[in-house]
Structure formats: structure tokens, C-alpha cells
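Presented below is the structure to which this report refers.
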Amino acid sequence: MKSCREIHRLVIEGQDRELGFAERFSMRVHLMICTTCKRFDAQIDLMRQALRRFPGD
Ligand SMILES: [Zn+2]
């Protein structure tokens, strides 16, 4: 089981690169049971969508 810190890192890295199957899998499983990381993932997702509206930053 990965720690929340590792999951946060994967969530952030997932913005820049394609995660491997094992990485995606352990992230999904963790997000299913951990509210803190689920919230973090949602925040990162919102931020990414906001950034996408301002290209060429
Ligand atoms: Zn967590």
C-alpha cells in the first residue's frame, strides 16, 4: 500500500507523463479508500482544467 505522500506525487506526475499500469492501479485503489487523496486529486484536476484555458503560460 502506498502512502498518501506517494499518491500525491503520482497525481502530480500524472499531469506531465503517462503513468505505468502499476502506478495507475495503486493510485486508483488508494483514491477509492482515501478521502484526503481523492480531494487532492480533484483539486489538481480543477487546476489543470483552469490552466488549460490559458495556453502559452
Ligand atoms: Zn491518501
* Give me a count of the residues in region 22-36 that are open to solvent by less than 50 Å² (accessible area, probe 1.4 Å) and more than 16 Å from the ligand (Cβ to nearest atom). => 0
* Could you grab me the full set of residues in region 1-21 that are away from the ligand (no atom under 15 Å from the Cβ) and either part of a loop (DSSP other than H, G, I, E, B) or open to solvent by 70 Å² or more (accessible area, probe 1.4 Å) (or both)? => Asp16, Arg17, Glu18, Leu19, Gly20, Phe21
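Being open to solvent by 90 Å² or more (accessible area, probe 1.4 Å) and either hydroxyl-bearing (Ser, Thr, Tyr) or under 19 Å from Arg17 (Cα atoms) (or both) is the filter here; which residues of region 37-54 pass it?
Gln43, Leu46, Met47, Leu51, Arg52
The values are calculated or read from the model by the stated rules, or taken from the named source; none is laboratory data. Note that the coordinates shown come from a computational prediction; the quantities given were computed from them, not determined experimentally. Positions of Cβ are generated from backbone atoms using ideal geometry, with glycine treated the same way; all protein chains shown enter the neighbour counts. Side chains included, ligands, DNA and RNA excluded: accessible areas come from the protein's heavy atoms. Shrake-Rupley method; radii C 1.70, N 1.55, O 1.52, S 1.80 Å.
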